[in-house]
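The values are calculated or read from the model by the stated rules, or taken from the named source; none is laboratory data. Here the structure is a predicted model, which means the values were calculated and not measured. Positions of Cβ are backbone-derived with ideal geometry, glycine not excepted, and every protein chain shown enters the neighbour counts. With ligands, DNA and RNA removed, areas are computed over all heavy atoms of the protein, side chains included. Shrake-Rupley method; radii C 1.70, N 1.55, O 1.52, S 1.80 Å.
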Amino acid sequence: MDKTLSMKEAIGRYVGDGMTVALEGFSHLIPFAAAHEIIRQGRKDLTLCRMTPDIVSDQLVAAGCVRKLVASFFASGSAGSLYELRRRIENQDPLPLEVEEYSHYGMVCRYQAGAARLPFFPLRSYAGSDLPALNPQLRLVEDPYGGGSVYVVPPLNPDVTIIGAQRADTSGNAQIWGIAGVQQEAVYAAKKAIVVVEELVDDEVIRSDPSRTLIPSHAVDAVVVCPRGAHPSYAQGYYDRDCGFYRRWTEISKDPSQLRNWLDEWVYALDSHGEYLAKLGADYWSDLEVGPKLSTPVDYGSRL
């Protein structure tokens, strides 16, 4: 089955008001283009789930798309604060933002429980921390095998998970290399899944290196081909992280009017990610180009 859709079609079909939406991609392959389309289509009252709610979260919250944030490690990478989130959380300005905070591993465990359809997932990393006092979802249970008490987190089952990947075939077999993050667990935990890829490849390419297929087709509902769709994050092997933009975002987000002007110019005024790329211009990418660095060939063997 051909599952390819345009970004506008995929978001229109699978993301609705009031849904729980996971946008995952750890450091790289962050689906910024999908987030911008969510903003353009004016989605409201979303519960946004994301490990490291960085710039993409700041933008979605500033655009009024998000009612609740379920996340861990609130920061713009290593580039500074997320000032829209800070205004909402610290001062309820212009509106409060409901927050459910976990550790990174706590979010991973929630996705794992959701993917396995388990009632909870145990972990020890909350012992001695302040998070259990802030988040009532972190609960102590007794080990039924006599090992004492252990913290557990509830499953996370988004209505839709959106991830980035380097490539996929038309059926949705998606391949990722570099930092894999929690994309696989987040896809399996969700009711629907959209995969945003840098390029579409033939089945033979996917089959030639099956170990890179982290997301198989049966878990995917839509494939969106969107080159440079992770910018300003990066796609390993395709383009580098735009560290300059990450640094600029600190100043942009400090000023609410400047942030909204940025959304008006770079999201609302544009019809697609293609127009976003055209506005950046071809020369913009010269500093973000990457050269080849091939992995060692692997011989899978074949019956003679």
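For the stretch 183-194, in order, what is each residue's ³J(HN,Hα) by Karplus, 6.51 cos²θ - 1.76 cosθ + 1.60 with θ = phi - 60°, in whole Hz (x at glycine and Pro)?
So the Karplus estimates, Gly and Pro as x, are 4, 4, 5, 5, 5, 5, 6, 8, 6, 9, 9, 10 Hz.
May I ask you to derive the relative contact order of the stretch 232-294, considering only C-alpha pairs under 8 Å and at least 6 residues apart, and to give it as an integer percent? Mind showing how you got there, number by number?
Numbers: 33 pairs, mean separation 26.5, N = 63.
Reported relative contact order: 42 percent.
So between ARG139 and ARG248, what do we pick up on full extension, going 0.36 nm a residue minus the alpha carbon distance?
Values: separation 109, 0.36 × 109 = 39.24 nm, distance 3.95 nm.
So the chain would gain 35.3 nm between ARG139 and ARG248.
Rounded to the nearest percent, how much of the accessible area of the stretch 174-304 (1.4 Å probe, protein heavy atoms only) is carbon and sulfur? Write out the running numbers ahead of the final one.
Values: 3570 of 7240 Å².
Exposed carbon and sulfur together represent 49 percent of the surface.
Quote to one decimal, in nm, the extra length available between ARG86 and SER208 on full extension: 0.36 nm per residue of separation minus the C-alpha distance between them.
Taking 0.36 nm per residue and subtracting the Cα distance, the gain is 39.3 nm.
Restricting things to alpha carbons, find the Rg to Rh ratio for the stretch 104-196 using the Kirkwood radius for Rh. If you can, show how the numbers build up before the last one.
Working: Rg = 15.8 Å, Rh = 14.7 Å.
Across the stretch 104-196, the Cα-based Rg/Rh ratio is 1.08.
With +1 on each Lys and Arg Cβ and -1 on each Asp and Glu Cβ, how big is the dipole of the chain about its Cα centre, in debye rounded to the nearest 20? Walk me through the numbers on the way to the answer.
Working: 30 positive and 39 negative charges, 113 e Å.
Around 540 debye, computed over the chain.
Give the longest segment of the chain that steers clear of trypsin sites (Lys or Arg not before Pro) in DSSP loops with at most 15 neighbouring Cβ atoms within 10 Å, not counting the sites themselves.
It works out to 192-292.
Remind me, what semi-axes does the stretch 121-251 give for its equivalent ellipsoid, largest first in whole Å, using sqrt of 5 times each Cα gyration tensor eigenvalue? Kindly include the intermediate steps, with their values, before the conclusion.
Numbers: eigenvalues 235, 92, 34 Å².
They are 34, 21, 13 Å, listed from largest to smallest.
Do you know the relative contact order of the stretch 174-280, to the nearest whole percent, from alpha carbon pairs under 8 angstrom that are 6+ apart? Please report the intermediate quantities before stating the final value.
Values: 88 pairs, mean separation 25.1, N = 107.
Reported relative contact order: 23 percent.
Among ALA127, ALA115, ALA189, whose mean-square fluctuation peaks in a Gaussian network model of the chain (Cα, cutoff 10 Å)?
With Cα springs under 10 Å in the chain, the top fluctuation among ALA127, ALA115, ALA189 is at ALA127.
Return a whole-number percent for the relative contact order of the chain, with Cα pairs under 8 Å and 6 or more residues apart as the contact set.
21
What does the charge count near SER171 come to, summing +1 for each Lys or Arg and -1 for each Asp or Glu among other residues with Cβ under 10 Å from its Cβ?
-2
Once you charge only the Cβ atoms, +1 for Lys and Arg and -1 for Asp and Glu, what is the size of the charge dipole of the stretch 19-137 about its Cα centre, to the nearest 20 debye?
So the magnitude is around 280 debye.
May I ask you to give the percent of accessible area on the stretch 72-133 that is carbon plus sulfur, with a probe radius of 1.4 Å?
Values: 1810 of 3270 Å².
Answer for the stretch 72-133: carbon and sulfur cover 55 percent of the accessible area.
Can you give me the convex hull volume of the Cα atoms of the stretch 1-118, divided per residue and expressed in Å³?
Once divided by residue count, the hull of the stretch 1-118 is 119 Å³.
Taking only Cα atoms and a 10 Å spring cutoff, compute GNM fluctuations for the chain and point out the largest among VAL201, VAL267, VAL108.
Its mean-square fluctuation being the largest, the pick is VAL201.
Given a 1.4 Å probe, how much area per residue of the chain is accessible, in Å²?
Numbers: 14190 Å² over 304 residues.
Averaged over the residues of the chain, the accessible area is 47 Å².
With only alpha-carbon pairs counted, each pair once and no self-pairs, how large is the Kirkwood hydrodynamic radius of the chain in angstroms?
Kirkwood radius, the chain: 20.1 Å.
For the stretch 224-304, give the magnitude of the charge dipole about the Cα centre (Cβ charges: +1 Lys/Arg, -1 Asp/Glu; no others), in debye to the nearest 20.
Using only the charged Cβ atoms, the result is roughly 320 debye.
Could you work out the longest stretch of the chain that avoids the chymotrypsin sites (Phe, Trp or Tyr not before Pro) located in DSSP loops with at most 13 other Cβ atoms within 10 Å? Show your work: numbers first, answer last.
Numbers: sites that count: TYR145, TYR300.
Value returned for the longest uninterrupted segment is 146-299.
Grab the Cα-Cα distance for LYS279 and PHE120, subtract it from 0.36 nm times how many residues apart they are, and report the gain in nm with one decimal.
52.6 nm
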